[in-house]
Amino acid sequence: MVRAYDIIARKRDGGELSREEIEFLVQGFTSGEVKDYQMSAWAMAVFFRGMNPRETADLTMAMVHSGDMLDLTDIKGVKVDKHSTGGVGDKTTLVLAPLVAAADVSVAKMSGRGLGHTGGTLDKLEAIPGFRVELSRQEFTDNVNRSKIAVAGQSGNLVPADKKLYALRDVTATVNSIPLIASSVMSKKIAAGADGIVLDVKTGSGAFMKTVDESFALAKAMVKIGSLVGRNTTALVTDMDQPLGLTVGNALEVKEAIATLKGEGPEDLTELCLALGSEMLVLAGVSTDSGQARERLLQVIKSGAALEKFKEFVAAQGGNPGVADESGLLPEAQYVLPVLAEKSGFVQAIAAEAVGRCAMVLGAGRETKDSPIDLGVGVVLVKKRGSQVKAGEVLAYIHANDSSKVPQAVLEIKTAYSVQDESPARVPLVYGRVTSSGTSRF
Ligand code: URA
């Protein structure tokens, strides 16, 4: 008879687990027969001993089978999903979904709300007046078949094992384990029905993975799962040493995404969306290589097709497409206050985590699952890494609704910015690419 005790002990001692043992553990944990304390001990054993690619793929599929799997076969075309390992100011989905849909890739995306410095993609979309993220299964399918795009809240009971395991990992110091992160991310994408998966693995102070080497290791682990379970997967390792783009906050990020779809967005956000979008076009079979894909994406931005697709998408989900031309239709904060530089020099670094905390203090994110979020507040950065700045110049603007939160928010921004005499070394936005045929570092 298989016993949880023996499985934990084998992993503790550095042994390899069979598929049956992993399935036993995940099924037992989902049903409650394997107890939280046993699963926590096992997670800690994995944290120290790791898992090989076969074990990681088996864990991924055992988690996928712990709940429902979305069947997207009634949606035409190759469905390619994108996932980011998270960061501050990451609004790429808002740009990428209409951008690649305008280039003929079907985007059937289930998204989340999440805890953090801002809401998740769904909260951001809800900043658009009237926008509905709850779609019936039929509406979701019809919208993608008609317009190539739908972004909706998760329906069904997807990957319950991951929800339970993640909650345990969060309180037992076992989040930062490559096989556990890789299986957690990949199980959700696979259960959501993706044929192909493009991963944006963040690296740097604002990311899970602080070093470039660790980030490549995570990217490789996820791509390997993809090849072992038959889902074409490509990962880019990208910078999260400073926030992405200039805005952090729900409605502020929607505005920035719209500007980017018009070809008027910040350079880093535009570049990242072109890089990730190109990989999506290649995986979907719409382009033969990333160079050709990039040209196609630039063309849909230039022609206005990307912005039109955004309007079509918003209208199809009940939102007011006028936000694309009139940003005043989005929620706005009552106070907009500058944060000034105290000395002259070059911006060496902007600690993404501190900017995230500033947005959180202002009310842009949720502390607990049920806390309300303020869609209008956040931060707009004026200076980014490498910018020259004079004492007294504006570093960033704080958008607030509650003036009592402003002093703490200002303090976070002042902590985030490091201004020095020398200009900093250039850091790439995209560090490299991992596919099933190998890794290239740029
Ligand atoms: N994101 C996830 O979805 N899972 C993890 O384990 C870590 C980050």
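Can you name the residue in the range 136-163 that is among the charged types (D, E, K, R) and within 11 Å of the ligand (Cβ to nearest atom) and, of all such residues, is surrounded by the most Cβ atoms within 10 Å (Cβ to Cβ)?
That would be Asp162.
Condition check ((1) in a loop (DSSP other than H, G, I, E, B); (2) within 16 Å of Gly87 (Cβ to Cβ); (3) of a type in the set (D, E, K, R); (4) at pLDDT below 95) across all residues:
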| residue | (1), (2), (3), (4) |
| --- | --- |
| Ala207 | yes, yes, no, yes |
| Phe216 | no, no, no, no |
| Lys220 | no, no, yes, no |
| Lys224 | no, no, yes, no |
| Leu228 | no, no, no, no |
| Ala235 | no, yes, no, no |
| Thr238 | no, yes, no, no |
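Do the conditions hold for Ile128, that is, is it crowded, with 16+ Cβ neighbours inside 10 Å, at pLDDT 95 or above and either within 16 Å of the ligand (Cβ to nearest atom) or of a type in the set (Asp, Glu) (or both)?
For Ile128, the condition - crowded, with 16+ Cβ neighbours inside 10 Å, at pLDDT 95 or above and either within 16 Å of the ligand (Cβ to nearest atom) or of a type in the set (Asp, Glu) (or both) - is not met.
Residue check: is Val347 in contact with a Phe, Trp or Tyr (Cβ under 9 Å, 6 or more places away or on another chain), more than 28 Å from Lys202 (Cα to Cα) and β-branched (Val, Ile, Thr)?
Numbers: in contact with a Phe, Trp or Tyr (Cβ under 9 Å, 6 or more places away or on another chain): yes; more than 28 Å from Lys202 (Cα to Cα): no; β-branched (Val, Ile, Thr): yes.
Taking the combined requirement at face value, the residue does not satisfy it.
Going through Gly249, Gly263 one at a time, which residue ends up being touching a residue at least 24 places away in the same chain (Cβ under 8 Å), on the phi > 0 side of the Ramachandran plot and surrounded by fewer than 19 Cβ atoms within 10 Å (Cβ to Cβ)?
Working: Gly249 fails: surrounded by fewer than 19 Cβ atoms within 10 Å (Cβ to Cβ).
So the residue among Gly249, Gly263 that is touching a residue at least 24 places away in the same chain (Cβ under 8 Å), on the phi > 0 side of the Ramachandran plot and surrounded by fewer than 19 Cβ atoms within 10 Å (Cβ to Cβ) is Gly263.
Listed here are the residues, each with its yes/no results for (1) in contact with a helix residue (DSSP H, G or I) (Cβ under 8 Å, 6 or more places away or on another chain); (2) within 30 Å of Arg19 (Cα to Cα).
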{"position": "Arg231", "(1), (2)": "yes, yes"}
{"position": "Ile258", "(1), (2)": "yes, no"}
{"position": "Glu264", "(1), (2)": "no, no"}
{"position": "Asp268", "(1), (2)": "no, no"}
{"position": "Ser287", "(1), (2)": "yes, no"}
{"position": "Ala306", "(1), (2)": "yes, no"}
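Tell me, yes or no, whether the range 217-229 has at least one residue that is buried (at least 24 other Cβ atoms within 10 Å of the Cβ) and polar (S, T, N, Q).
no
Looking only at the range 53-69, decide whether some residue is assigned to a loop (DSSP other than H, G, I, E, B) and within 30 Å of Ala275 (Cα to Cα). I'd like the intermediate steps shown before the answer.
So in the range 53-69, the residues assigned to a loop (DSSP other than H, G, I, E, B) come out as 65-67, 69.
Adding the requirement that they be within 30 Å of Ala275 (Cα to Cα) leaves 69.
Among the residues of the range 53-69, at least one is assigned to a loop (DSSP other than H, G, I, E, B) and within 30 Å of Ala275 (Cα to Cα), which makes the answer yes.
Could you list, in sequence order, all residues of the range 103-147 that are touching an Asp or Glu at 6+ places or on another chain (Cβ under 7 Å) and within 15 Å of Phe310 (Cβ to Cβ)?
Lys109, Lys124, Ser147
If we scan the range 273-280, do we find a residue that is assigned to a loop (DSSP other than H, G, I, E, B) and within 25 Å of Lys384 (Cβ to Cβ)?
No, every residue in the range 273-280 fails to be assigned to a loop (DSSP other than H, G, I, E, B) and within 25 Å of Lys384 (Cβ to Cβ).
Residue check, Asp123 against (1) within 15 Å of the chain's Cα centre (by Cα); (2) surrounded by 24 or more Cβ atoms within 10 Å (Cβ to Cβ); (3) more than 16 Å from the ligand (Cβ to nearest atom), all met but one. Which one?
(2)
Out of (1) in contact with a Leu (Cβ under 8 Å, 6 or more places away or on another chain); (2) surrounded by 21 or more Cβ atoms within 10 Å (Cβ to Cβ), the odd one out for Met69 is which?
With (1) in contact with a Leu (Cβ under 8 Å, 6 or more places away or on another chain); (2) surrounded by 21 or more Cβ atoms within 10 Å (Cβ to Cβ) applied to Met69, the lone miss is (2).
Take the residues of the range 164-177 that are near the ligand (Cβ under 10 Å from one of its atoms) and part of a helix (DSSP H, G or I): which is surrounded by the most Cβ atoms within 10 Å (Cβ to Cβ)?
For the range 164-177, the residue satisfying everything is Leu165.
Could you grab me the full set of residues in the range 129-158 that are more than 20 Å from the chain's Cα centre (by Cα) and of a type in the set (Val, Ile, Thr)?
Across the range 129-158, the qualifying residues are Thr141, Val144.
Is it true that some residue in the range 194-201 is part of a helix (DSSP H, G or I), over 18 Å from the mean Cα position of the chain (by Cα) and more than 16 Å from the ligand (Cβ to nearest atom)?
no
Is it fair to say Leu180 is touching a residue at least 60 places away in the same chain (Cβ under 8 Å), farther than 30 Å from Lys309 by Cβ, in a helix (DSSP H, G or I) and near the ligand (Cβ under 10 Å from one of its atoms)? It would help to see each step written out before you state the result.
Details: touching a residue at least 60 places away in the same chain (Cβ under 8 Å): yes; farther than 30 Å from Lys309 by Cβ: yes; in a helix (DSSP H, G or I): yes; near the ligand (Cβ under 10 Å from one of its atoms): yes.
Yes: the conditions hold for Leu180.
Restricting to the range 246-272, name every residue that is of a type in the set (D, E, K, R) and not in a helix (DSSP H, G or I). If you could, list the steps in order and put the result at the bottom.
Filtering the range 246-272 for residues of a type in the set (D, E, K, R) gives 253, 255-256, 262, 264, 267-268, 271.
The answer is Lys262, Glu264.
I'd like to verify a number: residues in the range 80-114 that are β-branched (Val, Ile, Thr) and either more than 21 Å from Val282 (Cβ to Cβ) or within 16 Å of the ligand (Cβ to nearest atom) (or both), how many?
Here the count works out to 4.
Have a look at Ala315, Ala349 and point out the one that is free of Cβ contacts under 8 Å to residues at least 60 places away in the same chain, small (Gly, Ala, Ser) and more than 18 Å from Glu253 (Cβ to Cβ).
Testing whether each residue is free of Cβ contacts under 8 Å to residues at least 60 places away in the same chain, small (Gly, Ala, Ser) and more than 18 Å from Glu253 (Cβ to Cβ) leaves just Ala315.
The values are calculated or read from the model by the stated rules, or taken from the named source; none is laboratory data. Fair warning: this is a prediction, and the values are worked out from it, not measured in the lab. As a convention, Cβ positions derive from the backbone with ideal geometry for all residues, glycine included, and neighbour counts pool all protein chains shown.
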